[in-house]
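Note sheet for the following structure.
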Amino acid sequence: MQPTYLYPSEFDQEIQWRSKFSMVIPIIIGFLQMILTFAIVGLEIASVVISPSRGTLYAGFWLSIFFTISWVSMFILVCCHRSRKWSTYVFFISILCAAAAITLIVLDALFIANITRCFFSNVICIDIESSGYRRSGIPLGRKVQILKAQLAMAAALLATAILYILLFILASMSSRSGRNRVLMQESQSQPQVVRRTETIQPAQGWKATSVPVTYEPSQLECPHCGTLIKLAQKKR
């Protein structure tokens, strides 16, 4: 007899995953990422108003596309009741969101260190400055403060993405270790059919047939009534 382990079906694995994966954390992450994304876009608008050519690459606009995809995916994950497949999709989206947040952090740090520099090509910088754009009159030092605030928002977004990545990894490890296994005993040989024959016992009122007790060779005792019966011997 050898033990055989039968693992749960795909449906059972999905139930196990949903029991280990928390729904509260994706909801919190989704709301935080949504608020942070709107804040980053608003700060980028303020930065462009101060100066559209110096200390900017409009990174807050095009990187917010990845941030938006991330928090929308979080809300869809909640609507899908923590589906394992969608959780895996959001996991890769979170990695992309983390990469975008790191990119924004690096660019903001670069802009803060070179606030008076135009990071576009010379032709584009000249076109922007000669386009008749009226300066807002706000000093570039104020833009530094805006970029620092945007950098902090990007760091918070990076933290939320890392939080979901850790949540997914922990839930995956927990669901794998917590899978119930059914232990069954399997015989190496084929099942055999054993026929059992029963012997019909005689009725209790009858005595078992046995060799009768004889007193003389010419006499025989009746097994039922005990009467001695004389046997006639054959003459030769």
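The values are calculated or read from the model by the stated rules, or taken from the named source; none is laboratory data. Keep in mind the model is a prediction, meaning the values are calculated, not measured. Positions of Cβ are generated from backbone atoms using ideal geometry, with glycine treated the same way; all protein chains shown enter the neighbour counts.
Go through region 48-86 and give me each residue that's outside any helix (DSSP H, G or I) and polar (S, T, N, Q). Reasoning before the result, please.
Step one: list which residues in region 48-86 are outside any helix (DSSP H, G or I), which gives 51-58, 63, 80-83.
Listed by number, the residues that qualify are S51, S53, T56, S83.
Being buried (at least 17 other Cβ atoms within 10 Å of the Cβ), touching a helix residue (DSSP H, G or I) at 6+ places or on another chain (Cβ under 8 Å) and under 26 Å from Q145 (Cα atoms), is that true of even one residue in region 89-98? Yes, because at least one residue in region 89-98 is buried (at least 17 other Cβ atoms within 10 Å of the Cβ), touching a helix residue (DSSP H, G or I) at 6+ places or on another chain (Cβ under 8 Å) and under 26 Å from Q145 (Cα atoms).
Inspect region 21-32 for any residue being under 15 Å from the mean Cα position of the chain (by Cα), over 30 Å from I112 (Cα atoms) and modelled with pLDDT under 80 and give the result as yes or no. Yes: one or more hits.
Please state which one of V72, V78 is modelled with pLDDT under 90, more than 19 Å from I138 (Cβ to Cβ) and of a type in the set (A, V, I, L, M). Please lay out each step first, then the result.
Values: V72 fails: modelled with pLDDT under 90.
The unique qualifying residue is V78.
Restricting attention to region 19-53, the residues that are closer than 15 Å to F111 by Cα, hydroxyl-bearing (S, T, Y) and crowded, with 21+ Cβ neighbours inside 10 Å total 2.
So for region 136-146 (the condition being in a helix (DSSP H, G or I), farther than 13 Å from S51 by Cα and touching a residue at least 60 places away in the same chain (Cβ under 8 Å)), does at least one residue qualify? No, because not a single residue in region 136-146 is in a helix (DSSP H, G or I), farther than 13 Å from S51 by Cα and touching a residue at least 60 places away in the same chain (Cβ under 8 Å).
Note on region 73-93: residues that are free of Cβ contacts under 8 Å to residues at least 40 places away in the same chain and aliphatic (A, V, I, L, M) total 2.
Only one of the numbered conditions (1) part of a helix (DSSP H, G or I); (2) at pLDDT below 50 is not met by M184, and that is (1).
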